[in-house]
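All remarks here apply to the structure that follows.
Quick note: the coordinates plus some simple rules give every number you see, no bench work behind them. In this text, all values refer to a predicted model and were calculated from it rather than measured experimentally. Cβ sites come from the backbone with ideal geometry, for glycine too, and all protein chains shown count toward neighbours.
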Amino acid sequence: MEKRVYINMNLCTSCRSCAAACAAGHQGQGHLKHGSIQVKATVPLHCRHCAEPLCLNVCPQEAIKKDDNGTVIRMRNLCIGCKSCIQSCPFGVMLPYSTWHTSPKCDLCADRLAEGKEPRCVATCTSGALVFEELATIEKKYKRTVEGGRYYVRFTSNR
Amino acid sequence: MKELKANCSFCSLACPLILRGGEREPIFTGQSLLSVDWDKGKDSKYGGSVCARGNAVGEFLTHPRRVNYPFILGERANITAAVRETAKSLAEIKKEFGNDSIGVLLGENLTNEEAALAAIFARDVLRTSNVALFAPDDTPLFRAWLTRDFSKVKPAGAKPTGDRVVSLIVGDSFTEHPCTAKMVLPGKYGTRGSEVIVVSPEVSHTAWFANRHLRCRPGGETAVLAGLLKAASDKTGSPLTSELKAMLSGMDWGAIERLAGVSKDAIAAAAGSMLGAAKVTTYISNIFGRIAASALAFSFAEALTSLCPGERAFVPQFVQQNTWGIYSVLAAAGESDCLKKLAGNELRAIIALGLDLFSVYPAAPIEKAMREKRFTVTTQFFWNQTADRANVVIPAASLMEKRGTVSPAFGEDLVREEVMPPIAGAVTAGAFLSLLAKEMGAELGPAGKPARRTGRTASFTGMNAEWSGYATSMRELEAAPAVLIPWSEAVHVADGSLSRNFYWSEITCPDATLMVSEELAAGLRIKRGDRAEVSTAAADIVLPVEITRKLSGAVVAATIHFPAVRKLFPLKLDAGGEIVLGPVPVKLSRQSGK
């Protein structure tokens with residue numbers, strides 16, 4: 001059962017609670033990047049945990065692997081902070097800096113998943129924009145918002 | 001792993017959260033690692049979400065930069081010496097300048113019991129009535145609540161059928177109180193025809209979500225609300241109180257349109273939408289004088305909500321958690337003209353408990369008072385500008401570290417438990433006052449359940465005068481070359497305040513910025529990244545410029561969380577001795593060089 005974090009753009013209010021929760025749960029090293037849209041909104045950009053992750057392929061230390069749930073995780077003890085993964089990410093969602101000589105990488109809060117809880121960013125989301133659901137459910141449930149619709153209405157120039 | 005249910009202490013929403021203890025140390029008995037978990041219980045407020053501030057609770061409690069020792073003139077001391085020094089200085093000042101030369105200023109990080117103790121300390125030990133809540137964002141709303149009772153305003157007509165939901169938001173609630181979004185947005189997207197109506201001069205984070213954005217002039221929120229009330233009243237002929245009815249009939253639409261900067265049609269349509277909704281909720285958030293004549297705006301908003309025939313709720317959102325509790329305790333203790341004396345430079349000593357004066361409002365008279373006064377003692381979490389100027393600094397204990405009652409909203413009393421004992425060295429304000437009283441030869445008994453003034457009186461006198469004063473101040477703004485309004489960034493990051501010390505504040509709001517509309521920037525030939533001198537009647541400062549489409553016309557906004565920016569707002573007191581804030585006229589000039 002592959003579960004992913006999905007952001008419903010209709011609901012995100014740019015409050016950055018997700019980033020704060022992420023950092024608070026990872027010893028001050030946030031794994032969540034934010035992107036700006038037309039200088040008007042800032043939304044979280046999550047790791048997609050790709051089916052065929054480029055970051056995994058380019059890692060010279062084989063520090064990145066895919067676990068049984070399809071989550072792409074980085075093993076800190078192997079990471080040398082070469083930033084190859086950051087450069088290779090096609091979505092640009094890995095943070096462009098490394099801390100403690102390692103590249104930060106979303107692990108979907110593996111510690112919380114083991115307890116049957118949702119990732120920190122989802123748990124704290126103040127508007128309900130972030131959900132953690134199975135891929136098939138996301139595709140089915142949020143089809144309309146994926147297509148755009150109201151989201152683009154929010155950012156039209158006359159607003 | 002231990003878990004404890006608690007409430008966030010950073011704003012008036014008091015979101016529920018669960019604190020989890022680290023595995024290595026016994027939890028809640030020492031400075032063990034703490035992490036925040038989310039209370040996802042069935043009836044949990046806001047679905048158990050907390051904003052960035054709430055997520056930083058664990059970080060805050062064990063923050064390495066917290067003040068852990070008392071300081072006397074910047075030198076590390078112990079609590080006995082600090083109390084002795086304070087008692088000695090206060091006694092000298094009392095003797096030389098009289099009892100009324102000492103003022104006690106209270107801030108939100110106190111429980112109701114501590115506020116009551118401070119009032120008793122002032123009365124019995126200092127023998128003065130100089131004790132006041134220093135929270136200019138919130139106090140006008142409290143005064144309006146206590147002195148105007150709208151319970152006689154009845155809804156107009158029968159409850160509309162259907163399930164249309166309308167949320168009226170005055171201000172930028174999603175930025176100032178992010179958890180509001182979870183209450184508002186499901187309504188907006190849940191049913192056909194549901195609406196979010198936002199009243200604000202800028203395209204704020206909240207206004208992005210508006211179906212109707214009543215984009216008013218800076219300070220025009222009050223006029224928009226007056227218009228909404230008038231339109232609703234005209235439409236329904238509803239039973240408003242006679243005073244309110246007389247006041248509204250005296251207002252003409254031309255004046256309302258001019259003051260609001262919004263057309264009558266737009267206002268009337270929004271009022272119609274509210275009257276036809278099955279459920280109406282009004283939120284009002286007034287960070288640092290965003291709303292001119294906020295007490296009046298608050299009253300109009302409440303009366304308007306009461307008129308709506310559907311299910312209705314009026315949700316004033318205070319900036320800080322226990323300001324209402326402290327205000328009601330002090331109101332029960334008696335009248336005080338402490339702020340008048342502070343502004344008039346009459347105080348010789350200041351006891352500032354539970355607040356960072358400079359972060360709250362470093363108005364020129366207050367800065368001068370701190371600089372020139374003979375003695376200041378304060379409780380602080382971090383070393384900030386207030387601590388820098390104080391003679392004695394006592395390490396403060398937060399609301400997480402003490403037991404007591406707080407009142408985050410009207411009618412809501414929350415018993416706060418001690419999540420953990422005060423971090424090494426920290427002293428609760430109550431304990432400090434008891435020690436100080438003892439040193440000054442008095443005994444402060446346990447405060448018991450504090451008396452509070454919560455009953456409302458239906459006195460509408462003064463509303464007309466407030467409206468005239470508002471109209472005059474708006475005319476001044478009209479004549480100004482530009483108007484400055486406060487700008488909120490996602491959650492507070494006030495320089496020197498609690499949240500400024502969290503890692504993410506550097507990301508969300510790295511520095512004070514001046515937001516300038518495209519038209520104004522073009523007129524003044526200012527580009528992004530230029531530095532502009534901002535001059536008001538109170539101060540002149542230089543800020544880097546950001547050009548934005550979120551503002552229009554001759555309006556500028558500055559990130560209000562910085563004392564340097566707050567200083568731009570002149571200190572004015574109303575007839576009741578309360579601080580009055582609002583948008584201010586401003587002159588801008590481009591500074592050469594970067």
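Quick look at the values:
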| read-out | value |
| --- | --- |
| Computed E for residue A:27/residue A:88 - FRET, C-beta separation, R0 35 angstrom, nearest 0.05 | 0.90 |
| Amide H contacts of residue B:37 (H built 1.01 Å from N, under 5 Å, at least 5 apart or other chain) | B:18, B:19, B:20 |
| Cα long-axis angle, helix B:463-479 against chain B (0 to 90 degrees, to the nearest 10) | 80 |
| Helix axis angle, B:429-439 relative to chain B longest principal axis, alpha carbon, degrees | 40 |
| Order of A:31, B:213, B:177 - criterion: other Cβ atoms within 10 Å of each residue's Cβ, fewest first | B:213, A:31, B:177 |
| Ranking of B:357, B:571 by count of other Cβ atoms within 10 Å, fewest first | B:571, B:357 |
| Given charges at Cβ of Lys, Arg, Asp, Glu: region A:50-105 dipole, positive-most of A:56, A:70, A:84 | A:84 |
| Estimated [θ] at 222 nm from DSSP helical runs (n ≥ 4, -39500 (n - 2.57)) normalised by residues in chain B, nearest 500 | -9500 deg cm²/dmol |
| Shielding by partners - mean other protein chain Cβ count within 10 Å, residues of B:52-58 | 6 |
| Percent antiparallel among DSSP beta bridges (both partners in the protein assembly as shown, rounded to 5) | 50 |
| Positive-end residue, the protein assembly as shown charge dipole about Cα centroid, Cβ charges, pick of B:407, B:488, B:58 | B:488 |
| Out-of-range pairs (alpha-carbon distance over 30 Å; input B:235/B:279; A:105/B:567; A:105/A:141; B:368/B:550; A:140/B:2; A:105/B:402) | A:105/B:567; B:368/B:550; A:140/B:2; A:105/B:402 |
| Peptide B:175-181 - average C-beta neighbours from other chains (10 Å radius) | 5 |
| Region B:144-317: C-alpha gyration tensor shape, a/c 1.5 cut-off, then a/b vs b/c | rounded |
| DSSP-defined beta bridges in chain B - what % are antiparallel, rounded to 5 | 45 |
| Prolate/oblate/rounded label for region A:70-115 (Cα gyration tensor, a/c 1.5) | oblate |
| Shielding by other protein chains, A:125-134, mean Cβ within 10 Å | 5 |
| Estimated translational D of chain B in µm²/s (Stokes, Kirkwood radius over Cα pairs; 20 °C; 1.002 mPa s) | 87 |
| Paired Rg and Dmax values of the protein assembly as shown, which use every Cα atom, in angstrom | 26.3, 80 |
| Estimated FRET transfer efficiency when R0 is 45 angstrom, pair residue B:533-residue B:245 (beta carbons, to 0.05) | 0.40 |
| Distance from region A:83-127 to region B:125-195 (C-alpha centre basis), Å | 37 |
| Given charges at beta-carbon only (K, R positive; D, E negative), |dipole| of the protein assembly as shown in Debye | 1080 |
| Calculated FRET efficiency for the pair residue A:57/residue B:99, C-beta based, R₀ 56 Å, to 0.05 | 0.15 |
| Peptides ranked, highest mean first, by Cβ atoms within 10 Å: ranges B:557-570, B:159-172 | B:557-570, B:159-172 |
| Neighbour-count ranking [beta-carbon atoms within 10 angstrom, fewest first] of B:283, A:6 | A:6, B:283 |
| Charge-dipole axis of chain B as Lys and Arg at +1 and Asp and Glu at -1 on Cβ define it, positive-most pick from B:545, B:342, B:112 | B:545 |
